[in-house]
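Below is one structure, written out as structure tokens; comments come after it.
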Amino acid sequence: MRAPWLRTVRDHVDKADFLSEYARLEREHLAGKPNIGSYRSEGCELCDRCMFCHGCRHCHKCTHCVGCEECSDCSHSRACRSCHACAYCVDCSACSGGAYLVRCTACVDCTYCFGCVGLVRKDFHILNVQYSRTQYFELVEQLKGELGLS
């Protein structure tokens with residue numbers, strides 16, 4: 001079976017016709033906002049292989065995430081953007097391999113950080129300053145109240 005955009009078997013493949021047909025196929029696909037291979041994800045758009053997510057967009061292999069965009073391999077995260085392999089993160093951007101991060105940007109392999117930017121392999125930091133475990137949780141509790149994040 002020949003392609004519908006190719007008029008006859010002997011026709012030369014025309015670049016403009018090819019690109020036009022490709023653009024049409026892409027528009028059709030995106031219009032359906034499919035969630036390919038996803039399971040029990042609701043209100044998501046263009047996600048693939050995600051499970052139990054809600055309101056996410058362009059995510060890949062995420063689970064139990066809410067309102068995330070362009071994340072991959074994340075779990076139990078909320079309102080994150082462009083994060084990879086993060087868990088239990090909230091309102092983070094461009095973080096990778098992190099866990100229990102809140103409002104962090106570009107942090108890599110960090111845990112329990114709040115409002116940090118650009119840290120690598122750090123724990124118990126607030127605004128890029130290290131605290132003891134006890135101090136960290138006391139200050140975070142106060143900050144969550146002040147910022148309305150409770």
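The values are calculated or read from the model by the stated rules, or taken from the named source; none is laboratory data. Just so it is clear, the model here is predicted, and its values are computed rather than measured. Cβ coordinates were reconstructed from backbone atoms using ideal geometry, including for glycine residues, and neighbour counts include every protein chain displayed.
Here are the numbers for this structure:
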item: Test: residue in the range 80-99 that is over 15 Å from the mean Cα position of the chain (by Cα) and either hydroxyl-bearing (Ser, Thr, Tyr) or assigned to a loop (DSSP other than H, G, I, E, B) (or both); result: no
item: Residue list for the range 47-75, restricted to those being surrounded by fewer than 19 Cβ atoms within 10 Å (Cβ to Cβ), of a type in the set (A, V, I, L, M, F, W, C) and part of a loop (DSSP other than H, G, I, E, B); result: PHE52
item: First in the range 18-37 and exposed (fewer than 11 other Cβ atoms within 10 Å of the Cβ) and at pLDDT 80 or above, second anywhere and assigned to a loop (DSSP other than H, G, I, E, B) and not charged (D, E, K, R), Cβ under 6 Å, 6 or more apart; result: none
item: Meets criteria (within 17 Å of the chain's Cα centre (by Cα) and farther than 30 Å from GLY148 by Cα) for TYR22; result: no
item: Sole exception among (1) farther than 27 Å from PHE52 by Cβ; (2) surrounded by 19 or more Cβ atoms within 10 Å (Cβ to Cβ); (3) of a type in the set (Ser, Thr, Tyr) for TYR112, by number; result: (1)
item: Matching residues in the range 112-138 - criterion: being hydrophobic (A, V, I, L, M, F, W, C) and in contact (Cβ under 8 Å) with a residue 24 or more places away in the chain; result: PHE114
item: Every residue from the range 100-135 that is hydrophobic (A, V, I, L, M, F, W, C), on the phi > 0 side of the Ramachandran plot and outside any strand (DSSP E or B); result: ALA106, LEU127
item: Residue match in the range 132-149 (condition: over 18 Å from the mean Cα position of the chain (by Cα), over 29 Å from ASP48 (Cα atoms), crowded, with 16+ Cβ neighbours inside 10 Å and not aliphatic (A, V, I, L, M)); result: yes
